[in-house]
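The values are calculated or read from the model by the stated rules, or taken from the named source; none is laboratory data. The structure presented is a predicted model; accordingly, all values stated were derived computationally and were not measured. Note that each Cβ is placed from the backbone with ideal geometry, even for glycine, and that neighbours are counted across all protein chains shown.
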Amino acid sequence: MNRWITAFLLLLLTCSSSLIAAEGQYYSLAVSDSYYLGISHFEDEIPARSSNAFNVTVGFLGYKAKTWDLATQIHLLFVSDSLPFGLYRARGFNSIGLSLQGSYAFSPFFSLSAQVGSEVNFYNMIKEAFASFSFSIAPQFTLLEKKEYLLYATIPISVHLRKEITALQAGFGLRYVLFPFVQKEE
C-alpha cells in the first residue's frame, strides 16, 4: 500500500510543475439533458428503461494549458421514472459523485472532453442507495471565448455502470468555464 501512495505522490509532484505552468486555474459549470437508456443485466419485465436524465457538474479545481485542461468535479444526476411499460415503471433516482475531467483542443473551435467518476445514487421512491461508475466523452464546440471565460456547446455520450443495470446516455449541454485570476479584457 505504501508503494502506491509513494508512486501517487511522485506523480503528483512531477505533474504539479506543469500545472503551475498552465495558463490558468478555472472553475466550471456544465448542464446537460440526456436520453437515459437503462439495460438490465438480468431477466426483467422491462428489457430496457427509457428515462430522461439531467446532469449538473461543478468543476472546483481546474487547470488549463494551451491545448489541454484537467479538472476535478462534483456532479449531480437526476434521472426521471421510466416511461410506463404496461403497469410497470422503473424508479427514478438522484446521484452525487466526484469525477475527473480532461479535454484536448484540436482547434480553437473544437475540443474533445472525457470524464470518469464514481457516484452514490438514491432512489426517489424508496430508501435505498447504490454505487455506480460512469464514463463520458463529449465533443465540445466553442460558442464564446474571452480572456476571462469560455462557453461550449457539448454533446455528451455516457456509460453509467451499476450492479444491475448498464445505462447509455446521449444528450446536449452547455459548459461554462470561468478564469477568476486573469485581468479582464478592456
### Query
Do you know which residues across the range 84-124 are exposed (fewer than 13 other Cβ atoms within 10 Å of the Cβ), assigned to a loop (DSSP other than H, G, I, E, B) and either out of contact with any Gly (no Cβ under 8 Å at 6 or more places or on another chain) or modelled with pLDDT of 95 or more (or both)?
PRO84, GLY86, LEU87, PHE106, SER107, PRO108, PHE109
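Every residue, every condition in (1) hydroxyl-bearing (Ser, Thr, Tyr); (2) in contact (Cβ under 8 Å) with a residue 40 or more places away in the chain, yes or no:
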| position | (1), (2) |
| --- | --- |
| PHE85 | no, yes |
| TYR88 | yes, yes |
| SER113 | yes, yes |
| GLU148 | no, no |
| THR154 | yes, yes |
| ILE157 | no, no |
### Query
Got a number for residues in the range 154-186 being touching a Ser or Thr at 6+ places or on another chain (Cβ under 8 Å), under 18 Å from THR67 (Cα atoms) and of a type in the set (A, V, I, L, M, F, W, C)?
2
### Query
If a residue has to be buried (at least 20 other Cβ atoms within 10 Å of the Cβ), among the charged types (D, E, K, R) and farther than 29 Å from VAL182 by Cα to count, how many in the range 41-65 make the cut?
1
### Query
Quick one: is SER134 under 19 Å from ILE39 (Cα atoms) and at pLDDT below 95?
no
### Task
Search the range 148-185 for residues being part of a strand (DSSP E or B) and among the aromatic types (Phe, Trp, Tyr), and hand back the single one that is surrounded by the most Cβ atoms within 10 Å (Cβ to Cβ).
TYR152
### Task
Scan the range 12-44 for residues that are touching a Phe, Trp or Tyr at 6+ places or on another chain (Cβ under 8 Å) and at pLDDT 75 or above and jot them down.
GLY24, GLN25, TYR26, TYR27, SER28, LEU29, ALA30, VAL31, SER32, ASP33, SER34
## Note on the structure
Filtering the range 66-83 down to residues that are at pLDDT below 95, over 20 Å from LEU150 (Cα atoms) and surrounded by fewer than 20 Cβ atoms within 10 Å (Cβ to Cβ) yields SER80, ASP81, LEU83
